[in-house]
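Heads up: the structure comes next, in structure tokens.
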Amino acid sequence: MFHSFFLSKKWALWAYFGLFLLLFFLYLQTSLSVAINEWYKDFYNVLQKPKIESLVPTKDSNQMSEAEFRKEADALAEENLNKANFLNKSSLYYYQFLVKQFFDAKGIGVKEYYDIKDFYFLIAVFLCIAIPYVIIATINIYFASVYAFKWREAMTFKYLKFWKKRDNNIEGSSQRIQEDTYNFSKIVESLGLSFIKALMVLIAFIPILWNLSDKISQSLFKEFDPNSLFYILKDIEGLLVYVAFFISLGGLIISWFVGIKLPGLEYNNQKAEAAFRKELVFAEDNRKDYAKPETMLELFSGLKFNYKRLFLHYGYFNIWLILFEQMIVIVPFLVMAPSLFSGIIGLGIVMQINNAFDQVRSSFSVFITNWTTITQLRSIYKRLKEFEKNIYEKD
């Protein structure tokens, strides 16, 4: 499966240089996601403090001038850039460059109110981030499809070379060479990129979420009795990171037990499909001796029985998965509510934390969200492993 593509001189350029390009595109997407997360904070701060002419107080001597605001904004932006890790620096630099073009400063600062011009400028900044993201993501999806097909091509002709030398009949050979090779390469490529992207997102967003957790934990546990068991959580750094991790870990463990029967059912279903397809293939050349009504009824009854079991088990697994995904949405807001209503953080920080929390939690939960695909991959891998054992056994 892997050696036919990654250990072949013929396919080495595609295997390794193609993989490098896929990872590079993922890096660019992750960097732009960090820039969008920074944009969330500024955008919702502007929405929270709109300039309403009839309510704007007259300027007093204590209010800062525009030059002082720009100086303060530059200082905050520079401090934010210095705190960023190696993966985030380029994205924050790009974001601050865009803001500089519209606001004549690296950040929008903290004002008493913002006018509609600030709103439109931030929409323009968003488009300058979102449009490159869409273009890069589209290129990555297209190139990933080509990469998976090249992998399939390598596997197909490697299998054919050995399969044609075998006299023994191998169950479902045509399906394994024609269908399973493509599904295997496609799923491995898709899951592999998902896991690598999840790792990049964790590297990028964990520092952001870690730094934003300080004010949240102090506010969340300040009303607790000092003798309470939970009071020690007040001094834990990176509280939101731990919340995202343990929620995802708990979800993964539950998913494992809820879906423990699915791989075996998928494997049995593939065998039943192969037998049904094989009878139809033989009947194309000899309808007299194959695809008889009683034979087809027997084969389809077995197929129907397998599908009913598969649908039933996927049914209760999907109940758990959908429930988990819906309930997890409110968790960051429950954690942030005390800080928001006590005035410690504003709406911009809330949305930035929510977006960062969702990115980190989704990355921790990458196994849960791809559980169905992983189940299919395990079934296909088992079938191809059996096939390889049969065609390579004499070599």
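Run lengths n ≥ 4 of DSSP H only: what is the helix-derived mean residue ellipticity at 222 nm for the chain, with -39500 (n - 2.57) per run over all residues, to the nearest 500?
-26000 deg cm²/dmol
Rounded to the nearest 10 degrees, what's the angle between the helix 181-220 long axis and the longest principal axis of the chain, both from Cα atoms, 0 to 90?
20
For the chain, modelled as a GNM with alpha-carbon contacts under 10 angstrom, which of K215, K106, K161 fluctuates the most?
Ranking K215, K106, K161 by mean-square fluctuation puts K161 first.
Among all the lysines, which ones have a C-alpha under 24 Å from K382's C-alpha, if same-chain residues fewer than 8 places away are not counted?
Qualifying lysines at Cα under 24 Å: K150, K158, K161, K164, K165, K186, K261, K271, K278, K304, K308, K394.
Report the residue, chosen from S255, S363, S301, that carries the largest GNM mean-square fluctuation when the chain is represented by alpha-carbon nodes joined by springs under 10 Å.
The residue with the greatest mean-square fluctuation here is S301.
At 7 Å along the Cα-to-beta-carbon direction for both F195 and S8, put a label point, then send me their distance in nm to one decimal.
2.3
Taking a probe of 1.4 Å, how large is the accessible area per residue of the chain, in Å²?
Each residue of the chain exposes 56 Å² on average to a 1.4 Å probe.
Sort all Cα-Cα distances of segment 68-107 into consecutive 10 angstrom bins from zero, then give the percent of pairs in each bin up to the one containing the longest distance.
Computed distribution, short to long bins: 35, 53, 12, 0.
How much of D118 can a 1.4 Å solvent probe reach, expressed as accessible area in Å² and rounded to 10?
Spelled out: D118, probe radius 1.4 Å, area about 10 Å².
If you bin the C-alpha pair distances of segment 88-150 every 10 Å from 0, what whole percents do you get?
19, 37, 23, 14, 7, 1
Angle check, please: helix 239-258 long axis (alpha carbons) against the longest principal axis of the chain (alpha carbons), in degrees 0 to 90, nearest 10.
That works out to roughly 20 degrees.
At a Förster distance of 45 Å, what's the computed FRET efficiency of Y16 paired with Y120, Cβ-Cβ distance as r, to 0.05?
Calculated transfer efficiency: 0.50.
What are the lysines whose alpha-carbon lies under 26 Å from the alpha-carbon of K117, with same-chain residues fewer than 8 places away excluded?
Cα-Cα hits under 26 Å: K41, K49, K51, K59, K71, K100, K106.
Going by average Cβ density within 10 Å per residue, which order do the peptides 9-18, 282-291 take, highest to lowest?
The peptides rank, most packed first, as 9-18, 282-291.
Take every Cα pair under 8 Å in the chain that's 6+ residues apart, average their separations, divide by the length, and report that relative contact order as a whole percent.
The value is 24 percent.
I need the calculated FRET efficiency for the pair Y290 and Y142, taking r as the beta carbon distance and R₀ as 41 Å, to the nearest 0.05.
0.50
Carbon and sulfur atoms: what percent of the 1.4 Å accessible area of segment 237-395 do they account for?
Carbon with sulfur: 64 percent of the solvent-accessible area.
Starting from one equal scatterer on each C-alpha and no solvent at all, send me the Debye-based log10 I(q)/I(0) for the chain at q = 0.06, 0.09, 0.15 Å⁻¹, two decimals.
Calculated log10 I(q)/I(0) at the listed q: -0.38, -0.73, -1.37.
Specify the angular offset, from 0 to 90 degrees and rounded to the nearest 10, of the alpha carbon long axis of helix 331-341 from the longest principal axis of the alpha carbons in the chain.
Compared with the principal axis, the helix lies near 0 degrees.
Output the peptides 144-155, 72-83 sorted from most to least packed, where packing is the average of other Cβ atoms within 10 Å over each peptide's residues.
144-155, 72-83
Work the Kirkwood hydrodynamic radius out for segment 274-395: mean of 1/r over every pair of different alpha-carbon atoms, inverted, in Å.
19.7
With the cut-off at 14 Å, report for segment 270-323 the share of all Cα pairs above it, as a whole percent.
Cα-Cα pairs of segment 270-323 separated by over 14 Å account for 61 percent.
If I model segment 67-203 as equal point scatterers sitting on the Cα atoms and use the Debye formula, what is log10 I(q)/I(0) at q = 0.12, 0.18, 0.19 Å⁻¹?
-0.69, -1.05, -1.11
Y93 to I254: FRET efficiency via 1/(1 + (r/R0)^6), r the Cβ-Cβ distance, R0 41 Å, to the nearest 0.05?
Computed FRET efficiency for Y93 and I254: 0.50.
Please give the solvent-accessible surface of V366 in Å², to the nearest 10, using a probe radius of 1.4 Å with every protein chain present.
20
The values are calculated or read from the model by the stated rules, or taken from the named source; none is laboratory data. These figures come from a predicted structure and were not determined experimentally. Backbone-built Cβ (ideal geometry, glycine too); neighbour counts: all protein chains shown. Surface areas here come from the heavy atoms of the whole protein model, side chains and all, with no ligands, DNA or RNA. Shrake-Rupley method; radii C 1.70, N 1.55, O 1.52, S 1.80 Å.
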